[in-house]
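Trainee: Here's a structure for you.
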Amino acid sequence: MSDVEQQTPEALEISRKYDLTEKMMPFLDRHLIFPLVEFVSSKGLYDEKQLLQLKYDLLKDTNMVDYVSNLWFKLHDGAEVPEELVERQKKVLDDLEKFEKSTSHVLEVLEKPEVVNNLKQDKQQNLSYLQNSHGVTIEMINDLYRYGKFQYNCGKYHAASDLLYHFRALSVDPALVSSSTWGKFAADIVSLQWDASLEELQKLRDIVDQRSFADPLTQLHHRTWIIHWALFAFFNTPNGKEALTDLFFSSSYISTIQAACPWILRYLAAAVVCMNTGRGHGNSNFQRRLKDLIRVVGQEQYEYQDPLTEFIRALYIDYDFEEAQAKLSEAEFILKNDFFLENSAAQFLESARHLISELYCRIHQRIDVSQLSARLNLTNEQGEKWIANLIQDTKMDAKIDESEGTVIMNHPTTSVYQQVIEKTKGLTFRSNQVLNQTLNKHENLVVS
């Protein structure tokens, strides 16, 4: 493990206050919790002895016996490991040998090119072909699932992913196919296979959305787990933040967030702000998502708040620039101490400063450069360059008066008639959308 990062008392206090690790743990597999615990350990947020105990409790029931034994040594100052760990190590080796034997035949068969070429889309047909031509039974195929789960618990994530992939391609058991998809998703996440993890994410969404649940609460729980697991993939892939907003703002998932895990609004806020590319009002997708975010943050401010969501509230609901700047300063500590957001910290802060300065410019006729620079924590020279770039990027009608140290904004006025026309266009568009959705639902009902 790397040396513990040295932080100011203020940074540590704010980061501990808003740390989400404990809230997220119930919705993550233990192998997914472990990297979060390692991360907060490297940041020095909590007592190292307590974190060691947490790591031990997390992994003691897995097959990672050597690593668990090492944790035991550290916790107990080199004391001899308990007998149960010694016995567990023997059992792991015995089980490994059994699984290697029970799956060797089916894996050999699946490596043959002629077998691969003869496999079809119909799984029942494939089972008949494998059984009649190669003696592969359903029990052998189920052993692939059990072996994949075993390897996953050993920390052999690549091997687990491969085994679960082969199992899923052949199995006709819906429950085991669903379970293997969760397992493969987790294995791909921990082994940093981001493209593969996005594919598994889509498969899981299809399973959860299309499956009929006897209890709606079960479907809610599944969506909650998808939301938390998806953070790993979304914050580690190109265009992942845009994909995150597309999923999380969809009706079924935003309602899940509001009902079960409002703290996910932090990641929505981070993703939306990072989508701002400096083109401001010229970025229609960003503007649409920003409106969605402002609405949800306003609705949920009594259920969940942190400096990132409060930055949005202060800036776009209260138009309080001083509070927005204060919340942004606090958000910087959180970004650098959040497992998912650390790599997005610089992008968020840059985009947030753009948002503050752009909104400030749009609601003021004459702006003091030194005053705005102070709000952005910039020198006067840096502030002048910043504003010049902002005007160029957003194509604002403005000019800088260097002698007076001000920016003069020219805000064109829109006639009342033009405003009515624009509002009417918007209402017509939304009415057509609602009508089309209603017709589509009616057609689906007729077809079914």
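Trainee: Mind checking which residues of segment 35-50 are closer than 19 Å to VAL190 by Cβ and free of Cβ contacts under 8 Å to residues at least 60 places away in the same chain?
Mentor: Hits for segment 35-50 are VAL37, GLU38, SER41, SER42.
Trainee: Continuing with this model, one more query. Out of the residues in segment 360-396 meeting the condition of being among the basic types (Lys, Arg) and surrounded by fewer than 16 Cβ atoms within 10 Å (Cβ to Cβ), tell me which one is nearest to LYS336 (Cα to Cα).
Mentor: LYS385
Trainee: Residue by residue through segment 315-331, note down the ones that are buried (at least 18 other Cβ atoms within 10 Å of the Cβ) and either within 20 Å of the chain's Cα centre (by Cα) or more than 15 Å from GLU358 (Cβ to Cβ) (or both).
Mentor: Correct list: LYS327, GLU330, ALA331.
Trainee: Restrict the check to segment 229-251 and report whether at least one residue is under 30 Å from LYS120 (Cβ atoms) and open to solvent by 60 Å² or more (accessible area, probe 1.4 Å).
Mentor: There is no residue in segment 229-251 that is under 30 Å from LYS120 (Cβ atoms) and open to solvent by 60 Å² or more (accessible area, probe 1.4 Å).
Trainee: Looking only at segment 4-50, how many residues end up being among the acidic types (Asp, Glu) and closer than 24 Å to MET64 by Cβ?
Mentor: 5
Trainee: Let me ask you something else. Looking at segment 372-431, which of its residues are in contact with a Cys (Cβ under 8 Å, 6 or more places away or on another chain) and either in a strand (DSSP E or B) or at pLDDT below 55 (or both)?
Mentor: ALA398, VAL407, MET409
Trainee: Now a separate question. Pick from segment 138-196 the residues that are within 18 Å of the chain's Cα centre (by Cα) and aromatic (Phe, Trp, Tyr): which of them is nearest to ILE207 (Cα to Cα)?
Mentor: Once the filter is applied, the top-ranked residue is TRP182.
Trainee: Right, next: Please verify whether segment 35-51 includes one or more residues that are under 22 Å from the mean Cα position of the chain (by Cα) and within 30 Å of ILE141 (Cα to Cα).
Mentor: The answer is no, given that none of the residues of segment 35-51 is under 22 Å from the mean Cα position of the chain (by Cα) and within 30 Å of ILE141 (Cα to Cα).
Trainee: Could you list, ordered by first residue, the pairs with Cβ atoms under 7 Å in which the first is in segment 63-87 and closer than 23 Å to LYS156 by Cα and the second is among the basic types (Lys, Arg) and open to solvent by 30 Å² or more (accessible area, probe 1.4 Å), at least 6 apart or interchain?
Mentor: Within 7 Å, the pairs are VAL65/ARG88; VAL68/LYS60.
Residue-wise test of (1) within 30 Å of TYR67 (Cβ to Cβ); (2) among the acidic types (Asp, Glu); (3) touching a Gly at 6+ places or on another chain (Cβ under 9 Å).
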residue: ASN117; (1), (2), (3): no, no, no
residue: ASP122; (1), (2), (3): no, yes, no
residue: ASN126; (1), (2), (3): no, no, no
residue: ASN132; (1), (2), (3): no, no, no
residue: GLY155; (1), (2), (3): yes, no, no
residue: PHE167; (1), (2), (3): yes, no, yes
residue: SER179; (1), (2), (3): yes, no, no
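Trainee: Only residues that are part of a loop (DSSP other than H, G, I, E, B) and among the β-branched types (Val, Ile, Thr): list them for segment 59-72, please.
Mentor: Hit for segment 59-72 is THR62, nothing else.
Trainee: Identify, please: which residue in segment 1-58 is of a type in the set (Val, Ile, Thr) and not in a loop (DSSP other than H, G, I, E, B) and is, among those, surrounded by the fewest Cβ atoms within 10 Å (Cβ to Cβ)?
Mentor: Within segment 1-58, the match that is surrounded by the fewest Cβ atoms within 10 Å (Cβ to Cβ) is THR21.
Trainee: Another question, then. Filter segment 252-276 down to the residues that are open to solvent by less than 10 Å² (accessible area, probe 1.4 Å) and β-branched (Val, Ile, Thr) and list them by number.
Mentor: Across segment 252-276, the qualifying residues are THR256, ILE257, ILE264, VAL272, VAL273.
Trainee: Filter segment 287-298 down to the residues that are touching a Lys or Arg at 6+ places or on another chain (Cβ under 8 Å) and crowded, with 21+ Cβ neighbours inside 10 Å and list them by number.
Mentor: Correct list: VAL297 only.
Trainee: Being farther than 22 Å from MET25 by Cα, free of Cβ contacts under 8 Å to residues at least 12 places away in the same chain and open to solvent by 10 Å² or more (accessible area, probe 1.4 Å) narrows it down to one residue among GLN301, GLN210, GLN219, GLN305; which is it?
Mentor: So the residue among GLN301, GLN210, GLN219, GLN305 that is farther than 22 Å from MET25 by Cα, free of Cβ contacts under 8 Å to residues at least 12 places away in the same chain and open to solvent by 10 Å² or more (accessible area, probe 1.4 Å) is GLN210.
Trainee: A follow-up question, please. Is it true that ASP209 is touching a helix residue (DSSP H, G or I) at 6+ places or on another chain (Cβ under 8 Å) and charged (D, E, K, R)?
Mentor: So ASP209 passes the test.
Trainee: Something else now. List the helices (runs of 4 or more DSSP H) inside segment 73-176, counting only whole elements, that have at least 1 residues being of a type outside the set (Ser, Thr, Tyr) and surrounded by 18 or more Cβ atoms within 10 Å (Cβ to Cβ).
Mentor: 83-110, 123-134, 138-153, 157-170
Trainee: I've got another one for you. State yes or no: is SER357 open to solvent by less than 50 Å² (accessible area, probe 1.4 Å), of a type in the set (S, T, N, Q) and under 23 Å from LYS43 (Cα atoms)?
Mentor: Considered against the rule, which asks whether it is open to solvent by less than 50 Å² (accessible area, probe 1.4 Å), of a type in the set (S, T, N, Q) and under 23 Å from LYS43 (Cα atoms), SER357 comes out as no.
The values are calculated or read from the model by the stated rules, or taken from the named source; none is laboratory data. All values derive from a computational prediction rather than experimental measurement. Cβ: placed from backbone, ideal geometry, glycine included. Neighbour counts: every protein chain shown. Note: areas computed on protein heavy atoms with side chains; ligands, DNA, RNA excluded. Shrake-Rupley method; radii C 1.70, N 1.55, O 1.52, S 1.80 Å.
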